[in-house]
1. Is one or more of the residues making up region 132-147 touching a Leu at 6+ places or on another chain (Cβ under 6 Å), more than 20 Å from residue 30 (Cα to Cα) and modelled with pLDDT of 85 or more?
2. Is it the case that some residue within region 177-185 is under 16 Å from residue 30 (Cβ atoms), exposed (fewer than 15 other Cβ atoms within 10 Å of the Cβ) and either among the β-branched types (Val, Ile, Thr) or touching an Asp or Glu at 6+ places or on another chain (Cβ under 6 Å) (or both)?
3. I want to confirm something. Restricting to region 70-101 and keeping residues that are touching a residue at least 60 places away in the same chain (Cβ under 8 Å) and among the hydrophobic types (A, V, I, L, M, F, W, C), which single residue is farthest from residue 156 (Cα to Cα)?
4. Assess whether residue 162 counts as being at pLDDT 90 or above and more than 15 Å from the chain's Cα centre (by Cα).
5. For region 196-227, give me the residue count where each residue is among the charged types (D, E, K, R), under 16 Å from the mean Cα position of the chain (by Cα) and either surrounded by fewer than 18 Cβ atoms within 10 Å (Cβ to Cβ) or at pLDDT below 85 (or both).
6. Run down 193, 187, 181 and say which single residue is within 18 Å of residue 94 (Cβ to Cβ) and in contact (Cβ under 8 Å) with a residue 60 or more places away in the chain.
7. Quick one: in region 181-195, of everything that is aliphatic (A, V, I, L, M) and touching a Gly at 6+ places or on another chain (Cβ under 7 Å), which residue is modelled with the lowest pLDDT?
8. Select from region 40-59 the residues that are touching a residue at least 60 places away in the same chain (Cβ under 8 Å) and under 14 Å from residue 211 (Cβ atoms) and list them in ascending order.
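The values are calculated or read from the model by the stated rules, or taken from the named source; none is laboratory data. All values derive from a computational prediction rather than experimental measurement. Note: ideal-geometry Cβ built from the backbone for every residue, glycine included; neighbour counts use all protein chains shown.
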Amino acid sequence: MPSEIVIPRRRQGLAALLMLTLASLPAVAQLPGAPVLQNAFFNPGITIAGDFAGGGGASVFAGAASLGFGGRFGVSAGAGSSNAAGNGQQAVYGARLTGTLFQFAGGQVGLGAFLGYGGKFGSTKAGQIGLSTAPVGATVGFRHAMSMLKGISLYATPYAAITSQTQDNTATITSTTFRTGIGVDIGVTASLGLTAGVDMGAKAKAGKPGPSGTSWGVGLSWAMGRH
């Protein structure tokens, strides 16, 4: 989610004028095939973004938007297209609810939690497929203002995801995996942000739905109403 740079109160003078926001990528909303990257901080108001992700023999193009409430709670949603090797394109979608629970070190360190749901559907060589994933986890982030940029934020996102798959209306197959996303948000201007990250950890067992390896993602975001 988008994050906000806050300078600790003990800094005075010129630093007090650098109360800068960091517009980062809204969570690409649990889209299957994209990494789960969730900062502990996010912008109030509306932020829109475009994202590209890859890994595990698939790629995802998507758009997303988020709405932050007072910098403490936020929701995001997105949709796009997934292209898996040998299976063509499928539609992907998802949404996520996030909350910042605690802040430390004058607001530079934050701890939060999130819950999401996403899905994928379409035709493959094996027939019609429907897949859903529901990750739940925590996030810890660090943010810092910089002289050359509006700010930078590093964060880690450990989570568990339950993934279910149904093919041609047959019995549903379910698996649970434990993984971690690691990301960086860079505020280029007060409105424009860059995000990059990876998602790694357990793979789904043979014959089970879920991640098949490390995934990565990059994106651009724009915080509405910032100048």
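1. So in region 132-147, the residues touching a Leu at 6+ places or on another chain (Cβ under 6 Å) come out as 136, 140, 142, 145.
Next, from what is left, pick out any that are more than 20 Å from residue 30 (Cα to Cα): 142, 145.
Next, from what is left, pick out any that are modelled with pLDDT of 85 or more: 142.
Yes, there is a match, as at least one residue in region 132-147 is touching a Leu at 6+ places or on another chain (Cβ under 6 Å), more than 20 Å from residue 30 (Cα to Cα) and modelled with pLDDT of 85 or more.
2. The answer is no, given that none of the residues of region 177-185 is under 16 Å from residue 30 (Cβ atoms), exposed (fewer than 15 other Cβ atoms within 10 Å of the Cβ) and either among the β-branched types (Val, Ile, Thr) or touching an Asp or Glu at 6+ places or on another chain (Cβ under 6 Å) (or both).
3. Of the residues in region 70-101, the ones touching a residue at least 60 places away in the same chain (Cβ under 8 Å) are 71, 74, 76, 92-96, 98, 100.
When the remaining residues are screened for being among the hydrophobic types (A, V, I, L, M, F, W, C), the result is 92, 95.
Working: 92: 24, 95: 19 Å.
Here the answer is 92.
4. On the way: at pLDDT 90 or above: yes; more than 15 Å from the chain's Cα centre (by Cα): yes.
The answer is yes for residue 162.
5. Restricting attention to region 196-227, the residues satisfying the condition of being among the charged types (D, E, K, R) are 199, 203, 205, 208, 226.
Going one step further and asking which of them are under 16 Å from the mean Cα position of the chain (by Cα), we end up with 199.
Then keep just the ones that are either surrounded by fewer than 18 Cβ atoms within 10 Å (Cβ to Cβ) or at pLDDT below 85 (or both); that gives none.
Of the residues in that region, 0 qualify.
6. 181
7. Of the residues in region 181-195, the ones aliphatic (A, V, I, L, M) are 182, 184, 186, 188, 190, 192, 194.
Then keep just the ones that are touching a Gly at 6+ places or on another chain (Cβ under 7 Å); that gives 182, 184, 186.
On the way: 182: 96, 184: 93, 186: 90.
Going through the qualifying residues, I end up with 186.
8. Keep residues of region 40-59 that are touching a residue at least 60 places away in the same chain (Cβ under 8 Å), which gives 40-41, 43, 45-57.
Result: 53, 54, 55, 56, 57.
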